[in-house]
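Have a look at the structure below, then the notes.
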Amino acid sequence: MKSLLDLNDDCLLEIFKYLSLVEAFKVIDVRNARLTEIAHQRISTFKELNITIRDFPNFNAEQLRIIGANIYSLSMTCGYSIPTQNVLNIIQPLCEGAAATKQLRVFSLNYVYFNREYCQYISSAAAKLQKLNLNYCQLTDKLLADLLKSCNDLLELEILGNYTLNGEFLDKLHLPTLRVLKVELHAEWNYPMEKFKIKNPNVKLII
């Protein structure tokens, strides 16, 4: 064997399964059509992406779209000190990729100042979401209600630590598939949870 390219595709795939996402994208940069195809196959095997923003590799937008198109589960831990635009620069292409394939089933975003742009990008990829975690996102009832309109298959919603919510979003909530709601009551919360229980007997409420 004179070079890696002398190996058949099965052998290359076996070798490439040891590559990280960063390493797989570096192979694509080599610009060899055969290696690029096998690198894409390797990237498609990454179904879960768990991000801590401070430690996240510097992928470009196109790479993030490719990642987003393949993942089933996306978890992002940010931090209130991280500039909002820095987080959006990652979320937007990931959600664009996820929206194209509608494979995303689990989404978690924590410790951000949630705004209209977050709502827009996540909504675009939310059609098949089953689990949504927006703990500590400084949510408002209006933005959460707007986002949930796109979550037609949602089974579980977790919204702990959102002290800007008063519960009004529950009044217009229409999620027949919902089975679990995890929420933290606080001083600003004024929606009667007994009313929610009566209207939604199939939902397990965890307070």
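FYI, it's all coordinate maths here, none of it is from the lab. This one's a predicted model, so the numbers in the text were calculated from it and none came from an experiment. Here Cβ is always computed from backbone atoms with ideal geometry, including for glycine, and neighbour counts include all displayed protein chains.
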Handout entry: Net lengthening on full extension, E14/L205 (0.36 nm per residue, minus Cα-Cα)
Key = 64.2 nm
Handout entry: Which of I122, Q103, H186, positive extreme of dipole for segment 100-207 (C-beta unit charges)
Key = Q103
Practice task
For K182 paired with Q41, estimate the spin-label separation in nm (one decimal), with each label point 7 Å from Cα along the Cα-to-Cβ line.
Solution key: 3.8 nm
Completion exercise
Ordered by fewest other Cβ atoms within 10 Å, a rough proxy for footprinting exposure, F114, F107 read F114, F107
Fill in the blank from the handout: For the table K26/K47; K128/K204; K102/K195; K131/K197; K149/K195, the rows whose alpha-carbon distance is greater than 27 Å are K102/K195
Handout entry: Proxy reagent accessibility, fewest Cβ within 10 Å first, across V180, V112
Key = V180, V112
Practice task
Quick one: what are the phi-derived ³J(HN,Hα) couplings along segment 34-47, Karplus 6.51/-1.76/1.60 with θ = phi - 60°, whole Hz, x for glycine and proline?
Solution key: 5, 5, 4, 4, 6, 5, 5, 5, 5, 4, 5, 7, 7, 9
Problem - Relative contact order (%) - criterion: Cα under 8 Å, at least six apart; region: the chain - result: 12 percent
Handout entry: Which labelled figure in (1) 20.1, 72; (2) 19.5, 69; (3) 18.2, 57 is Rg and Dmax of the Cα atoms in Å, once derived from the coordinates
Key = (1)
Problem - E194-N152 FRET efficiency (beta carbon distance; Förster radius 25 Å; 0.05 resolution) - result: 0.40
Handout entry: Ranking of I71, I122, I207 by count of other Cβ atoms within 10 Å, fewest first
Key = I207, I71, I122
